[in-house]
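The values are calculated or read from the model by the stated rules, or taken from the named source; none is laboratory data. This one's a predicted model, so the numbers in the text were calculated from it and none came from an experiment. Neighbour counts are summed over all protein chains in view; Cβ atoms, including those assigned to glycine, are modelled from backbone coordinates with ideal geometry. Surface accessibility is based on the protein's heavy atoms, side chains included, excluding ligands, DNA and RNA. Shrake-Rupley method; radii C 1.70, N 1.55, O 1.52, S 1.80 Å.
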2 protein chains.
Amino acid sequence: MSATIKSVAEHAGVSIKTVSRVINNEGTVKPDTLAKVQAAIDELNYKPNKAARDLAGRDNYVLGYVYDNPNAYYIIDMQKGILNECRANGYELLIHPCDASSRDIIQEILGMVDSARLAGLILSPPLSEMPEVLSALDDKGVRYVRILSGSEALENSPPCVLVNDFQAAYQITEHLIQQGHRDIGFIAGEKQHNSTIERQKGFAAALAAHDLPQHPEFVIEGTYSFGTGVESIEKLLTLPKKPSAVFACNDEIAAGALFGARMRGVDVPETLAIAGFENSPFSRQTFPPLTTASQPTDQIAQRATSTLIQSLKARKLGNDKQTIPAHVFVPELVVRESTNRS
Amino acid sequence: MSATIKSVAEHAGVSIKTVSRVINNEGTVKPDTLAKVQAAIDELNYKPNKAARDLAGRDNYVLGYVYDNPNAYYIIDMQKGILNECRANGYELLIHPCDASSRDIIQEILGMVDSARLAGLILSPPLSEMPEVLSALDDKGVRYVRILSGSEALENSPPCVLVNDFQAAYQITEHLIQQGHRDIGFIAGEKQHNSTIERQKGFAAALAAHDLPQHPEFVIEGTYSFGTGVESIEKLLTLPKKPSAVFACNDEIAAGALFGARMRGVDVPETLAIAGFENSPFSRQTFPPLTTASQPTDQIAQRATSTLIQSLKARKLGNDKQTIPAHVFVPELVVRESTNRS
DNA sequence: AGAAGGAATGACAACGCTGTCATTTGACTC
DNA sequence: GAGTCAAATGACAGCGTTGTCATTCCTTCT
């Protein structure tokens with residue numbers, strides 16, 4: 001059906017191998033030969049057969065994105081960013097949603113890497129933070145890049161991209177303080193997630209920096225879900241001394257908190273200010289819209305992918321020991337009506 | 001690294017080809033040979049190399065999902081359903097978000113099919129409703145399954161799975177009428193989408209069936225977006241005669257309408273009832289939660305995928321002319337507080 | 001017991017590409 | 001103008017599977 005490398009070679013009057021060199025940008029082809037080959041490729045509308053490349057070559061142009069995250073907006077943005085970078089570099093993407101709490105999650109991932117001969121994996125939280133998964137991948141020699149919460153990568157760690165949740169949470173909290181709030185509640189996501197930990201640290205640090213007391217009873221543990229928001233606000237608003245503002249660990253919790261406040265007839269932001277985190281689309285669609293921290297998920301994903309591809313290339317060229325510096329993203333404060341008592 | 005078919009063959013004391021027969025369930029293997037081979041496969045933890053299969057075989061175990069849809073929840077559910085079926089049948093999935101309005105969308109899709117040697121494509125709206133895309137695929141002989149709005153498939157059409165938007169919209173409208181509403185607004189999505197057309201027809205049919213007048217000024221055209229909801233409600237609420245209920249073409253529009261109503265201080269559902277469509281997660285997360293029609297997106301996707309795989313098998317066996325009957329899904333009415341003036 | 005014929009199995013080429021290594025080309029030196 | 005050497009190109013095997021066709025093994029029938 002479609003043109004093969006052989007037909008291109010004949011068309012251009014060169015050997016198959018030379019065409020292969022052109023396709024792979026090996027750089028050792030004379031300019032006019034290159035032009036001839038390019039012309040033939042264009043004319044025949046030739047596309048390399050991925051299966052054949054994968055089979056013949058050492059390296060395989062397929063990346064995998066493994067995730068367990070109920071947040072549809074996050075996943076879609078991740079996919080978008082990854083795909084952008086994949087397309088630019090001739091890679092394909094296999095997606096693999098999974099259940100991180102499943103007993104044989106490791107076998108599942110390893111099996112997938114094996115059967116699809118993946119070149120590398122992109123890992124986002126919570127999978128990127130599970131030591132047993134990482135060490136299984138290390139043992140097998142599977143390349144991967146991690147996206148995770150933090151501000152500094154460990155020495156000699158596998159490549160990663162960081163999101164500075166601490167700083168962003170600090171800023172959000174500081175914004176609430178500047179609005180005059182002194183009693184600020186905190187609603188946490190899953191407490192084993194780094195993002196939760198970092199955000200809570202940022203929150204506490206901002207309070208401390210402004211000499212405000214920490215109220216343990218103002219900190220509610222939960223999950224990254226709407227339901228947690230609803231329930232937590234219930235708890236906070238029935239306290240003898242109530243907070244006047246709440247920082248929710250993500251927008252979904254914040255939306256739940258907003259819902260809960262409304263059910264109890266509490267006005268937002270007049271009586272209670274609510275801030276979220278993530279800048280997901282619905283932070284703009286609640287009433288009132290949510291103050292939040294904007295996390296450029298697609299850019300983070302794209303950066304992670306380019307980092308992975310870079311590390312793959314480094315390995316191919318043999319300089320495997322080279323460490324790729326981790327890029328750090330800092331989510332930006334976005335102020336909207338939910339905290340704006342003007 | 002990983003075991004090859006050859007090692008399995010040696011381990012089991014049979015030929016490579018026999019192992020291949022086992023892997024592919026060809027059924028012409030004696031039970032005890034089969035058991036021996038299976039044991040060897042399990043013991044060596046052998047996984048067939050996809051690239052090699054794709055290269056050697058006629059058929060390729062990779063499906064593609066091409067979509068252009070801003071609705072993250074919809075896409076994630078689609079992916080989930082497709083992947084379920086893919087895994088059950090040993091297929092891989094390549095996802096390809098794209099811009100349906102792009103000039104060379106057809107070349108883009110064809111190129112993707114070519115270079116990844118896709119076995120078949122899954123198409124959801126709006127791509128599944130674009131004649132130029134479909135005929136390009138037909139010309140190229142690319143197999144695909146469509147998901148689209150309707151209640152009956154055309155004769156001899158390529159395989160598809162239908163969603164009966166008409167009937168669901170009829171039910172929602174009837175529900176509003178039963179709540180005592182006589183002046184009901186309608187906010188449409190993109191008017192070229194079949195789903196919009198069918199939902200509007202269902203709406204009109206229900207009004208007619210209950211001898212209610214059609215108010216053209218109550219019908220607002222827009223897009224499937226939050227913004228449309230906000231703007232449309234503005235238009236409807238400034239009419240000399242206002243509707244007492246609104247049927248929005250999807251949940252996102254409905255959420256926007258709710259937002260708009262709230263901005264104008266209009267109580268929902270007391271003064272204005274609002275219904276959406278889709279049962280996306282945030283229809284449960286607005287205040288008050290939205291009445292809607294539940295569309296089992298992941299099941300629809302799974303069904304579409306199994307239909308595609310079935311049609312692929314049929315072609316392989318030569319009985320290509322066999323038409324696979326289209327399955328019809330009817331979204332179910334879900335009543336929540338946004339229309340419930342009790 | 002031998003023939004016949006279908007079921008089960010195997011040998012081998014082929015799929016389209018890349019890696020290795022050999023060969024050719026051409027620029028430069030003396 | 002012959003010699004040198006790097007750059008450019010090519011010939012060929014091999015990646016792990018499946019398709020084709022040949023072969024072997026049974027079962028059944030005469």
Whole-number accessible area per residue in Å² for the stretch B:37-83, which is evaluated in the context of all protein chains at 1.4 Å: 40
Helix-derived mean residue ellipticity, 222 nm - over the protein assembly as shown, DSSP H n ≥ 4, -39500 (n - 2.57), to 500: -14000 deg cm²/dmol
Accessible solvent surface per residue of the stretch A:112-198, calculated while the other protein chains remain in place, 1.4 angstrom probe, Å²: 37
Buried accessible area, chains B and A (both chains, 1.4 Å probe, Å² to nearest 100): 3800
Between helix B:31-44 and chain B: long-axis angle, C-alpha atoms, 0 to 90°, nearest 10: 80
The stretch A:122-184 shape via C-alpha gyration tensor axes, a/c threshold 1.5: prolate
Where GluC sites (Glu not before Pro) fall in DSSP loop in the stretch A:241-321, at most 15 other Cβ within 10 Å: A:270
Of all DSSP beta bridges in chain A, antiparallel share, percent nearest 5: 10
Minimum 20 Å² accessible area buried by the other protein chains, the stretch B:272-289 residues, probe 1.4 Å, relative to alone: B:282, B:285, B:287
Accessible-area composition of the stretch A:1-152, carbon plus sulfur, in percent [1.4 Å probe]: 49
Interchain or long-range residues, amide H under 5 Å from residue A:161's placed H: A:146, A:147, A:148
Cut-off of 10 Å, at most 10 other beta carbons, DSSP loop: longest stretch of chain A lacking such trypsin sites (Lys or Arg not before Pro): A:104-240
Simple spin-label estimate for residue A:340 and residue B:17 in nanometres, 7 Å along Cα-Cβ: 7.5
Chain-alone versus full-assembly comparison, the stretch B:12-52, residues with accessible loss of at least 10 Å² (1.4 Å probe): B:45, B:47, B:48, B:49, B:50, B:51, B:52
The stretch B:183-211 and the stretch B:47-71: distance between their alpha carbon centers, rounded to Å: 39
DSSP beta bridges in the protein assembly as shown [antiparallel fraction, %, rounded to 5]: 10
Heavy-atom accessible surface of the stretch A:153-207: percent carbon and sulfur, 1.4 Å: 46
Calculated label separations, residue B:44, copies of the chain, 7 Å along the beta-carbon direction, nm: 3.5
Cα gyration tensor shape of the protein assembly as shown, rounded if a/c is under 1.5, else prolate or oblate by comparing a/b with b/c: oblate
Cα gyration tensor shape for the stretch B:193-300, rounded if a/c is under 1.5, else prolate or oblate: oblate
